[in-house]
Amino acid sequence: MSMLELKNLTKTFGSTVAADDVSFTIDKGEIFGFIGPNGAGKSTTIRMIIGALTQDSGSIFLDDTNISKDRHYKDNISYVPGDVNLWGNLTGDEVINFFMKVRNYKNTAYKNELIEKFRLDPKKKCKTYSKGNRQKVALISAFLTDAKLLIFDEPTTGLDPLMERSFHEEVARAKSEGKSILLSSHILSEVEKLSDRIAIIREGKIIETGHLDELSHITRIEYIIQAKEDLSKLDELPFVHEFRVEGEDTHVLIDNDKAHDFLQTLYPLKPTKLQTLPPRLEDIFMRYYEGGRDGS
Amino acid sequence: MRHYLSMLLRDTWFRILMWLIGTGGLTLVVPPAFDGLYSTAAEREALRATLDNPAMVALVGPVPPGEYTTAVMFSHEMLVFMGIIHGLFGIMIANSISRKMEDQGLLEYVTSAGITRQSIFGSQLVIGIGMNLLLGTVIFGGLTIMNIDSFGISGNLLYALGTSLFGLLFFVITLILAQLLPASEWSFGVSLSLLLLFYLYRASTDVINTDYSVISPYHWLSRLEVYSSNIYAWLWPFAIILVLIAAAWVLFARRDLDDAYLKFDLHKKTRNIRSYPRLQMTGMKVLVTSWMIGMILIGLSYGSIFGDLDSFIGDTPFLAQAMEGESGTNPLVQFVSTLILVTAVVGAVPALMITSRIMTEEKSSRLELLMSTRIPRAAMLNFHGIYAALIGVLGIFLSMVSMYAASMAAEGIDITFGDYVMAAVNYASPTVLLVGLSMLLIGLSMKLHIVAWLYLLYSFMVNYLGVIVGIDEVWQQATPFYFLAEVPSENIEWAPWLIILGIGIGLGLAGLACFRRRDVA
C-alpha cells in the first residue's frame, strides 16, 4: 500500500545533523503534509528522495523497491523545488515542452488547460518572469506527468491566493487519479486544508506523525470574542494563553483538546461574537517548546 | 551617496582585492625575472631582434625605438598584453555593479529606499576610479621600491598611469553599454568583444602600418614609449573617458530602470528542445559560435604574417638558430609549429568553458530539477565532456584551416593542407586530456575545478613564454604538449598521442563515476 517509505534516514553536513533518523510512510493516493520551520530538514529529506543527496544511513523505498536498486525510480517522481530557477533564454513554453519530452508525456490538451488555469504567458523568456511565474512554470511542468509521486517543496510561496486555489484544485485532482503527494510547507493552514496526514520536523528530527485531528492535542486555536460580561477572568484559566484585548475584541489562544471546557466557561459570559482563526505553525512549536521545558 | 557607496564596497571589496593582488602581482614579478634573465646589453639586443617580427609584433606591439634596456623590454612585452587584464578588471567590476545589479532588481530596490540616480552613478564611478587608482599606486609603488636599474620614476609613473587609465576606459565603456543593452550578459559580452577586437585590430595594423593602430587604445599604450622617451602626451587620448562618463550619465538618467536603448526580440518561434544535449546546446550557442569565430581569427592573423616571416628569420641569425632545433628542419616551419602549439592551448579554453557549464546548472539549482527527472546525472556530465572535446578539436581545426587559407600566398613555406590537418589531429589528444581532467574535478567537487583552469593557464604561460625567453624544459614536462611531436615540423608520434588520449578518457570516466556518487549542491 505504501508509495514512499523512508527508513531511518540520516544526513550530516560537517557537524550539522540536517536529517536525524527520519522515517515516515506515504500511502498510495494520499496527500502527505511535511511541515517544519525553515532549516528544519524538509528540503534535505526531499533532496535525498530525488537523489541529489546520498544519505549517510537509512534507506528509501518507492513502491516497495529500494531506490538504490532501481535505476528507473525517477520515472515515478515529479518534483518542484522550493526556489525555482529556470533557463533565462528559454520561454516558459519551451521549458514546459522540455519537461514533457523528458517525462515522455503527450497530453497537450491538459497542458493548455493548466497554462490557462494558472494564467501564464508562456511566450515570455524565463528571465523576465517573476518568482511567482517561474513557480507556475515548474508547477505546470510537474503536473504534466504519469509519475505516481508528486513532490512539492514550499509550492505556494510567490503565488497569489487565486493561483494558490488553482494549485490546491490540481493537487486534489492528482489525488483523485490515485497519485500520492508529498507537500512540504511551513504554512500549517495550507497543509491542514489538503493533507490526509502530516509529519512535523524540527531540527532534523520528526517529532510528530499522524492525522491532523490526532495531532490536535498539540495545536491551539485562536478565538476572537466579544461578550456582554467581563472576559478578563478567562486569563486565569490554565488552557487559555496569550490573553489580549484589542479594541472591542478579546483574543485568546485555547488548547485544542480543551475546546469543550473553554466553551462551557464562555457560555455564561454571554458571548456576542465568536470567531476562530486556524492554528499556526508557530503556535504548535510554541506549545512544543513549552512542553519540552516542562518535561526537562 | 556615502551609504550606497559603502554598501557597494562591502559587496565588491573582496573581488577588487583579488584583482589588485592578481594584476599587481603578475606585473611586479616580471621586472626582477627579466633583470636576471638578460643581464647584458648584447643579450637584450638579441631578444629585441627576436621580437621584431610580425608574429611577435602582433602579440605585444611594435618594438620601441632607442636602447632596449631591461625596463624598455618590460614595458614592451607587458604593457599591451597586460592591457587585456586591466581592461577585463574594469569590465567585470563595472558590469557587476551596474547592469547585473539592475537585472537582479537591486537598483530598483535601493531606488525605492530613496537612493538617487546621482548617488548610484556617482558610487559606480568612485569605485571605478578608486580601484584603478589603487592598482596604479600598487604598481607604481612596487616598481619604485624594487628600484631596478633602468626603471626610472618617471617611467614607473607613466606605466601605472597608462594601465590605470586603460582599465578605467573599459570600466566606463561597460557603464555605457550597461545603459544601451537589455541585460548583463549583453553588456558583458559586448564590452569583452570590444576589448578583444581592439587587441586583434591593433595586432594586424601594427604589422601592416601602425598609423592605422591609432584608433585602438592598446596602441596609445605602445606610443607612451614607457622608460625610453616617456611621452606623456599620449595619455591625452584617454581624455575621451570624460566624454564617455558624461554620455553614460545622460543615458542612465534618461531611461527607466530595466529598460534599454537597444532591444532585441530574437526567436519568437517556440523551439523544440527535447533533450538535455539540445537544452545545453541552445544555451551555449553564443559561447560556441563566438569562440569558433575567435579561433578562425587567430588562425587568419597568424597565417597572414607567414609571408613576412621568411625574410625576417633569414636576416636574424639568433632566431634562425633558436628555431632550428636538433632535427635541423626549416626554421620557418619550426616557428609555425610553435605558433600552432600556442593556438592549440588557446583552443582548450572553450572546451573547459563547456564542461564548466554543468556547474552553472548546479549552482543555480537547476541541476537538481533536471536530475529529479529520469535523466541520469552521469549522462549530463558525459554530454558536456563529449561536446567540449568535439568543440575544442573543431576550434583547433578551424584555426588550422584558416591559417592555411591566409598563408596560401606566402612563398617559401613548405606546409601542405594535409600538414595543417595533421597538426589539428595532433593536438586533439591534449584537448581530450584537459577535458578529462576538468570532468574528474567536477566529479570530485565544484571548488576543485579551478585547478583545471590554473593548469591550462600554466600550459599557456610555459608554452608562450617558452618561445620568447627559452624557459627551462623541466617546466614544459608538466604539460601534455611536451610529449607530443611538434607537427608540422615533425611527424606525428602516435605512441604518446594515444597515451595522452587514453589518460584523458580515463580521467573523464573517473569523473563520471565520482559525479554519480557525490552530493549535488
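Remarks
- Within the protein assembly as shown, percent of DSSP bridges classed antiparallel, to nearest 5: 70 percent
- Under 5 Å between amide hydrogens, built in the peptide plane, is the criterion, and for A:ALA18 it picks out A:LYS11, A:THR12, A:PHE13 among residues at least 5 positions away or on other chains.
- Choice from A:VAL95, A:VAL171, A:VAL240 showing the highest fluctuation, given a GNM over chain A with Cα pairs closer than 10 Å: A:VAL240
- Cα centroid separation, the range B:1-55 to the range B:66-140 (Å): 15 Å
- Taking only the alpha carbons of the protein assembly as shown, we obtain Rg and Dmax values of 33.3, 116 Å in that order.
- Qualifying GluC sites (Glu not before Pro) in the range B:338-429, where qualification requires a DSSP coil assignment and no more than 11 other C-beta atoms within 10 Å, comprise B:GLU411.
- Per the Cα gyration tensor, chain B maps to an equivalent ellipsoid with semi-axes of 37, 34, 21 Å, ordered largest to smallest.
- Counting only Cβ charges, +1 for Lys and Arg and -1 for Asp and Glu, the dipole size of chain B around its Cα centre is about 2920 debye.
- For the residue pairs A:LYS123/A:LYS175; A:LYS74/A:LYS101; A:LYS233/A:LYS270; A:LYS111/B:LYS363; A:LYS124/A:LYS175, alpha carbon separations beyond 21 Å are given by A:LYS123/A:LYS175; A:LYS111/B:LYS363; A:LYS124/A:LYS175.
- The GluC sites (Glu not before Pro) of the range A:186-277 that DSSP puts in a loop, and whose beta carbon has at most 10 other beta carbons within 10 Å, are A:GLU248.
- Beta bridges from DSSP with both residues in chain A: antiparallel share about 70 percent, rounded to the nearest 5.
- Cα Rg, Dmax, chain A, angstrom units: 22.0, 68
- Qualifying chymotrypsin sites (Phe, Trp or Tyr not before Pro) in the range B:199-241, DSSP loop, other Cβ atoms within 10 Å at most 12: none
- Taking amide H as placed 1.01 Å from N in the peptide plane, the amide H of B:SER229 sits under 5 Å from none that are at least 5 places away or on another chain.
- Taking Cα centre as origin and charging only the Cβ of basic (Lys, Arg, +1) and acidic (Asp, Glu, -1) residues, the dipole magnitude of the range A:104-171 rounds to 440 debye.
- Of the residues B:MET284, B:ALA389, B:PHE335, the one whose Cα sits farthest towards the positive end of the charge dipole of the range B:276-517 is B:MET284 (charges of +1 on Lys and Arg Cβ, -1 on Asp and Glu Cβ, taken about the Cα centre).
- Each residue of the range A:128-134 was assigned a 3J(HN,Hα) from its phi angle through the Karplus curve 6.51 cos²θ - 1.76 cosθ + 1.60 (θ = phi - 60°); the sequence is 8, 6, 6, 4, x, 5, 5 Hz, with glycine and proline shown as x.
- Cα-derived Rg over Rh, computed across the range B:276-517 with Rh taken as Kirkwood radius: 1.02
- D (Stokes-Einstein, µm²/s), Kirkwood Cα radius, the range A:220-278, 0.692 mPa s at 37 °C: 293 µm²/s
- Shape call, the range A:56-104: gyration tensor on alpha carbons, a/c limit 1.5: prolate
- Helical runs (DSSP H, four residues minimum) scored at -39500 (n - 2.57) apiece and divided by the length of chain B put the mean residue ellipticity at 222 nm at -24500 deg cm²/dmol.
- Peptide B:281-288 has a mean shielding of 1, counted as Cβ atoms of other protein chains within 10 Å of each residue's Cβ.
- Within chain A, the longest run free of exposed loop sites, counting trypsin sites (Lys or Arg not before Pro) that sit outside DSSP helix and strand states (H, G, I, E, B) and have at most 15 other Cβ atoms within 10 Å, spans A:125-227.
- For the range A:1-146, radius of gyration divided by Kirkwood radius, i.e. Rg to Rh on alpha-carbons: 1.01
- Ranking B:GLN104, B:TRP13, B:VAL346 by Cα position along the charge dipole of chain B, where only Lys, Arg, Asp and Glu carry charges on their C-beta atoms, puts B:GLN104 farthest toward the positive end.
- The phi-based Karplus calculation (6.51 cos²θ - 1.76 cosθ + 1.60; θ = phi - 60°) puts the 3J(HN,Hα) values of the range B:416-422 at 8, 4, x, 4, 5, 5, 5 Hz, whole numbers, x for Gly and Pro.
A short reminder: the numbers here are calculations on the coordinates, not readings from a lab. Quick caveat: nothing in here was measured; it's all calculated off a predicted structure. Backbone-built Cβ (ideal geometry, glycine too); neighbour counts: all protein chains shown.
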